[in-house]
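The values are calculated or read from the model by the stated rules, or taken from the named source; none is laboratory data. In this text the structure is predicted, and so the values were computed from the model without any measurement. Ideal geometry is used to build each Cβ from the backbone, glycine not excepted, and the neighbour counts take in all protein chains shown.
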Amino acid sequence: MKRNLGVIFLFGVMFLFLAVGHLAMSKAQREVTRSIDRLGADIIVYPAGAEERDQPLLLSLFPTFMFLSPSALEAVRSIPGVEVATPVSYVQSFDAVCCQTEVRLIGYDPSTNFVVTALMVEGNSAPLKENDLIVGFLVGRAGSDEPQGVVGAKIISLGKIFTVKGVMGQSRSNADVSAFISMDQAERMLQALSQRYGWDRKPSSPSAILIRVQDGRSVNEVAAKISKRQAGLSPVVAPASVLNSKETLREINTLLRMIGILIRSFAGLCLLGLLFIAWKGRRNRKGKERVGKDNAGPLRNGEGR
């Protein structure tokens, strides 16, 4: 009995240790994935003639009012190798006390945008209500040393009162001087601007599409397929240094995934061992009870005689 208790204790400690290891590996994988997304999109698709070069993070937009066709997003999403395609729309710029340059107001889709979510350091990105903002690093640091003091703050600009719902970490890109609103609100604002200035823009026409390519797929090959899919699409691939950094992080993520599989396997074996010992102990107890009853039966019959 003592031996069984010792074995159960040993298996229990091993299982607990492996469970903690599994949680640690899962957290490490999430951080690596987040780091990959912080580096931005693998490909950004612009309208032909509006390509932005030398943007290492491929996250935010330069001021342009050229738009993709409404069908471009679904066309891009249907291309083999595209894991995520999320639209962004440049609305306009406005002056802010935080920054020497203008703040760029950009519409994005909180449900699919992987870059903004990865860069968030305070607050949350979804759901965004009317006039809610996710602000970049420099905008979020204006007048405060900590982002916690900015979340919930009101910003008056463009004749509207905006509420800061989240602050992004530093990206050293145009995202630091950008503010993000929901794509629905951006669409309404762009429709009003189109009517005011006579732009030739159809509803649901994004300014660009950010793309994350599936693991193991060639970014350049996916970009080539995008160019052939539909007229007016101009894909720009992330710089080689960024893609190399992502590849290294993906290799680390693969290693962590394999370690996680091993940990789960050993944890499963430990759990099976505990269940087997418990089953065997119960079976032995029942066997002893049965033997005891069998031995007691003749004695009771003899007493009766």
Conditions first: (1) over 18 Å from Ala75 (Cβ atoms); (2) outside the structural domain of Arg30 (by TED's automatic domain parsing). Phe266 passes all but one, so which condition is the exception? (2)
Those residues that are closer than 23 Å to Arg77 by Cα and out of contact with any Phe, Trp or Tyr (no Cβ under 6 Å at 6 or more places or on another chain), I need them from segment 186-211; list them, please. Ala186, Glu187, Lys202, Pro203, Ser204, Pro206, Ile209, Leu210, Ile211
Within segment 57-112, restricting to residues that are of a type in the set (Val, Ile, Thr) and assigned to a strand (DSSP E or B), the one that is modelled with the lowest pLDDT is Val103
Limited to segment 174-212, what total is found for residues that are in contact with a strand residue (DSSP E or B) (Cβ under 9 Å, 6 or more places away or on another chain), of a type in the set (D, E, K, R), farther than 17 Å from Ile44 by Cα and at pLDDT 90 or above? 2
Looking for something in a strand (DSSP E or B) and either closer than 17 Å to Phe137 by Cβ or among the β-branched types (Val, Ile, Thr) (or both) - is there at least one such residue anywhere in segment 190-208? no
Among Ser245, Ser204, Ser182, the single one that is surrounded by 19 or more Cβ atoms within 10 Å (Cβ to Cβ), of a type in the set (S, T, N, Q) and touching a residue at least 40 places away in the same chain (Cβ under 8 Å) is Ser182
